[in-house]
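The values are calculated or read from the model by the stated rules, or taken from the named source; none is laboratory data. Just so it is clear, the model here is predicted, and its values are computed rather than measured. So basically every Cβ, Gly included, is an ideal-geometry build from the backbone, and we count neighbours across all protein chains shown.
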Amino acid sequence: MKIYTSSASAPDGRHGAKSRWACAAFLTASYGVAAIGAITSADAGEVYGALARPAWAPPAWLFGPVWTVLYAAIGVAAWLVWRQPDRYRGRRALMWWSVQLVLNLAWTPLFFAARQYGLALLDIVLLLAAIVTTMLHFRRLSVPAALLLVPYALWVAFATALNASVWSLNT
């Protein structure tokens, strides 16, 4: 099986206009999750500010810029995998990408709107596992795609510890 690099031309038209539209679609899906989270948790800053938090908790203003960059990386990583010619592995990898995106979507309303810190912790643990699984599947098709998810996995690992701490301090 021939593996195509980003500079190689895939035989099925996954470059050019179709590729640009696909990239836009993956970015839209990623940022759509962010938008839905923001809408469902409009008072997230107030909720976060009122919580008992560990001394190492970041300030509320940091989350927006970090997630803005991470959502871009999540979308571009999926697009890089989509461009690969191995359809079977590509579908499986993008299925895992979708699973982690749904778990990502669920966390914000669980934590901020419902204030269910224990359920949010369960969700984020599953999210972290889904991200790692996605990275493993992506790595088989595109090492750059897998590497784009490393900062996301690290941030979610940190957020998992923060979620656990918040749950402990606020129950």
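Filter region 29-55 for residues that are in contact (Cβ under 8 Å) with a residue 24 or more places away in the chain and farther than 17 Å from LEU110 by Cβ and give the result. Correct list: ALA29, SER30, TYR31, ALA52, ARG53, PRO54. For the structure I just gave you, tell me whether ALA55 is within 30 Å of LEU162 (Cβ to Cβ) and at pLDDT 95 or above. It is true that ALA55 is within 30 Å of LEU162 (Cβ to Cβ) and at pLDDT 95 or above.
For region 88-110, the condition holds for no residue, the condition being that it is under 25 Å from PRO65 (Cβ atoms) and touching a Phe, Trp or Tyr at 6+ places or on another chain (Cβ under 7 Å). Within region 134-162, residues that are within 17 Å of GLY64 (Cα to Cα) reach partners that are small (Gly, Ala, Ser) and surrounded by 14 or more Cβ atoms within 10 Å (Cβ to Cβ) with beta carbons closer than 8 Å, at six or more positions or on different chains, in the pairs PRO151/ALA73; TYR152/ALA73; LEU162/ALA57.
For region 116-171, a residue qualifies if it is within 17 Å of SER30 (Cβ to Cβ) and not in a helix (DSSP H, G or I), and the qualifying residues are SER142, LEU149. Tell me, which residue of region 54-91 that is surrounded by 16 or more Cβ atoms within 10 Å (Cβ to Cβ) and of a type in the set (Lys, Arg) is farthest from TYR31 (Cα to Cα)? Residue satisfying both the conditions and the ranking: ARG89. Surrounded by fewer than 23 Cβ atoms within 10 Å (Cβ to Cβ) and either closer than 25 Å to ALA17 by Cβ or touching a Leu at 6+ places or on another chain (Cβ under 9 Å) (or both): is that true of GLN100 in this structure? Criteria not met by GLN100.
Restricting GLY75, GLY37 to those that are modelled with pLDDT under 95, part of a helix (DSSP H, G or I), more than 19 Å from ALA161 (Cα to Cα) and touching a Leu at 6+ places or on another chain (Cβ under 9 Å) reduces the list to GLY37.
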